[in-house]
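Take a look at the structure set out below.
The values are calculated or read from the model by the stated rules, or taken from the named source; none is laboratory data. A quick note: this is a predicted structure, and the numbers were derived from the prediction, not measured. Here the Cβ positions follow ideal geometry from the backbone for every residue, glycine too, while neighbour counts run over all protein chains shown.
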């Protein structure tokens, strides 16, 4: 049986009704990973995956419950799973073994998931193409010569390439949504605080969230409910009640107020995605939604704000990698200063170093007010403009990216052009609002383009309802 | 616009506890200038009326400060490249 053709929800049913065992399913996907090794999406298949699947089968036999009982899952290489290496795809943490579980892993295990491996990523989640991994580049699942997107490129390719039914990524500026868009799958960056970040290696703590990556919208809604909730170890995680997101999917959108944002419409002009984007908006109107003209005056400053705030936080978060406590220490360091400098210089890749330097620049004396504080003030202004915007509409639509996945190696020499790949996704991280991508059109060479749906904080249910409606009724063309 | 020169890049590498060859340092110059050019857009925004608030998140819901089981010393030291008698080990820092 070709299990990659089934959705997560179908596989959950098949396991429950004992049409398939977890061992069969897990063996199948491990064989798929081996078969598609050239994609380099998975860094490690955990050696205990099959024994965990057998344990799940015993639980299924005993009619025990678990929303993911027996389901194989792949996690991004920056999410801690006790006893397993978590390297952030960096030489620095190559041999780092997690000593405790992240909250998301606890939640997966509590529901009976079988975590089968860890996915390749841009080193420390910094990048948009998974070309910055110390363990080699990952290839797009649909076109071997193109990037998978990033930083959660391995996680996206794992789902799109049929290596697992669901994976976890993290999204600091678009790192779940952009690779999902490039590989034609569904991914969400939830509201900031919806999912606990405890046990996820920090890059820019005030911006990032874990997000599930799936083949369908319903699969995604199912996963978000499992992963969400307050953690006592993460003060920034939210106590807001976790919805049953599947129930929020009603199959109709009458009366839904869709915001058509002036600045987004201006930004897409001339891009590959422009035509289908405008078409889908008009189609939604025909389906009973109300279109509302809205504006976010400082929208275009979000990219600049991000490349100040994110490196500033990264600089601080990566300060802990000193060659003393974690994993790597330069062998020829003779004193403590040399341990710091040599270990960091040998352990980090170029993009990580670039962002640490940039972070130190915006935080350093003389520039702090002009850059960091100014960016934080614009962020506050943008949040106020967003409050105003969501009084007028329920969701805002945007493309996820301007065009299909770009060719491997084509943007490596120009960091700014790489950074601009996130121009449509970054706004949700700056605002802390939820944002989902689903495939909705085909561009060059029939490769997928993603549509992004954003809503006010904790309105993931509204997003899933609209996304599911589009997935089931709009013809991808 | 702030112009990057070699001295500035060297200052940042020192603040970052990173060391580069001259060639690498030079390669950062045009890259940083391009990045700076992009982020300088923020200067166009008027933020005179905006006040910063710290801390940004709500800190009145902290869990009770109570001793509880934590990682063992062994677990904490597991990932350290060099340990000695239950401690992180580093080269001698003070002169004899």
Is it the case that the stretch A:405-425 has a residue that's free of Cβ contacts under 8 Å to residues at least 40 places away in the same chain, surrounded by fewer than 19 Cβ atoms within 10 Å (Cβ to Cβ) and either within 8 Å of chain B (Cβ to nearest Cβ) or in contact with a strand residue (DSSP E or B) (Cβ under 6 Å, 6 or more places away or on another chain) (or both)? yes
Quick one: which residue in A:374, A:383 is touching a helix residue (DSSP H, G or I) at 6+ places or on another chain (Cβ under 8 Å), surrounded by fewer than 19 Cβ atoms within 10 Å (Cβ to Cβ) and within 24 Å of residue B:43 (Cβ to Cβ)? A:383
Check whether at least one residue in the stretch A:358-365 is closer than 30 Å to residue A:292 by Cβ, modelled with pLDDT of 95 or more and under 26 Å from the mean Cα position of the chain (by Cα), and report yes or no. no
Looking across the stretch A:302-326 at residues that are over 22 Å from the mean Cα position of the chain (by Cα) and surrounded by 23 or more Cβ atoms within 10 Å (Cβ to Cβ), the single one that is nearest to the other protein chains (Cβ to nearest Cβ) is A:323
Is at least one residue of the stretch A:332-341 more than 9 Å from chain B (Cβ to nearest Cβ) and over 19 Å from residue B:13 (Cα atoms)? yes
Inside the stretch A:114-147, the number of residues satisfying the requirement of being closer than 22 Å to residue A:26 by Cβ, in a loop (DSSP other than H, G, I, E, B) and out of contact with any helix residue (DSSP H, G or I) (no Cβ under 6 Å at 6 or more places or on another chain) is 0
Those residues of the stretch A:14-49 which are touching a residue at least 24 places away in the same chain (Cβ under 8 Å), assigned to a loop (DSSP other than H, G, I, E, B) and under 26 Å from the mean Cα position of the chain (by Cα) amount to A:36, A:40, A:41, A:46
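Any idea which residue in the stretch A:355-370 is surrounded by the fewest Cβ atoms within 10 Å (Cβ to Cβ), counting only those that are assigned to a helix (DSSP H, G or I) and more than 7 Å from chain B (Cβ to nearest Cβ)?
A:369
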The one condition in (1) without any contact (Cβ under 8 Å) to a residue 60 or more places away in the chain; (2) outside any strand (DSSP E or B); (3) touching a helix residue (DSSP H, G or I) at 6+ places or on another chain (Cβ under 8 Å); (4) surrounded by fewer than 17 Cβ atoms within 10 Å (Cβ to Cβ) that residue A:291 fails to fulfil: (2)
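Please verify whether residue A:200 is within 23 Å of residue A:404 (Cα to Cα) and within 16 Å of the chain's Cα centre (by Cα), treating the condition exactly as stated. If you could, list the steps in order and put the result at the bottom.
On the way: within 23 Å of residue A:404 (Cα to Cα): no; within 16 Å of the chain's Cα centre (by Cα): yes.
No; evaluated as a whole, the condition is false for this residue.
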Filter the stretch B:16-38 down to residues that are modelled with pLDDT of 95 or more and within 7 Å of chain A (Cβ to nearest Cβ) and give me whichever is farthest from residue A:311 (Cα to Cα). B:19
Kindly indicate whether residue A:285 is surrounded by fewer than 22 Cβ atoms within 10 Å (Cβ to Cβ), in a helix (DSSP H, G or I), modelled with pLDDT of 95 or more and within 10 Å of another protein chain (Cβ to nearest Cβ). no
Which members of the stretch A:160-196 meet the condition of being free of Cβ contacts under 8 Å to residues at least 60 places away in the same chain and either surrounded by fewer than 24 Cβ atoms within 10 Å (Cβ to Cβ) or farther than 25 Å from residue A:302 by Cβ (or both)? A:160
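Can you list the strands (runs of 3 or more DSSP E) found entirely within the stretch A:148-249 that contain at least 3 residues being under 18 Å from residue A:81 (Cβ atoms)? Give the steps one after another, and end with the answer.
On the way: elements: A:166-171, A:186-189, A:209-214.
Ranges flagged: A:166-171, A:209-214.
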Whichever residue in the stretch A:443-467 is over 14 Å from residue A:395 (Cα atoms) and either touching a residue at least 40 places away in the same chain (Cβ under 8 Å) or in contact with a strand residue (DSSP E or B) (Cβ under 6 Å, 6 or more places away or on another chain) (or both) and, among such residues, is surrounded by the fewest Cβ atoms within 10 Å (Cβ to Cβ): A:445
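Might you let me know whether the stretch B:62-71 holds any residue that is under 30 Å from residue A:354 (Cα atoms), modelled with pLDDT of 90 or more and facing chain A (nearest Cβ under 8 Å)? Step through it out loud before you land on a result.
Within the stretch B:62-71, the subset under 30 Å from residue A:354 (Cα atoms) is none.
No: zero hits.
Among residues belonging to the stretch B:2-15 that are at pLDDT below 90 and facing another protein chain (nearest Cβ under 10 Å), point out the one that is nearest to residue A:337 (Cα to Cα).
So in the stretch B:2-15, the residues at pLDDT below 90 come out as B:2-5.
Of the ones still in play, those that are also facing another protein chain (nearest Cβ under 10 Å) are B:2, B:4.
On the way: B:2: 30, B:4: 26 Å.
Step by step, filter the stretch B:2-15, then rank; the result is B:4.
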Counting just the residues of the stretch A:76-97 that are over 20 Å from residue A:127 (Cβ atoms) and in a loop (DSSP other than H, G, I, E, B), which one comes out farthest from the other protein chains (Cβ to nearest Cβ)? A:81
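Can you find a residue that is part of a strand (DSSP E or B) and more than 18 Å from the chain's Cα centre (by Cα) anywhere in the stretch A:441-453? Reasoning before the result, please.
Of the residues in the stretch A:441-453, the ones part of a strand (DSSP E or B) are A:441-442, A:448-453.
Then keep just the ones that are more than 18 Å from the chain's Cα centre (by Cα); that gives A:441-442.
Yes: one or more hits.
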Among (1) within 27 Å of residue A:194 (Cα to Cα); (2) within 14 Å of chain B (Cβ to nearest Cβ); (3) in contact with a helix residue (DSSP H, G or I) (Cβ under 6 Å, 6 or more places away or on another chain); (4) in contact (Cβ under 8 Å) with a residue 60 or more places away in the chain, there is one condition residue A:111 misses while meeting the rest; what is its number? (2)
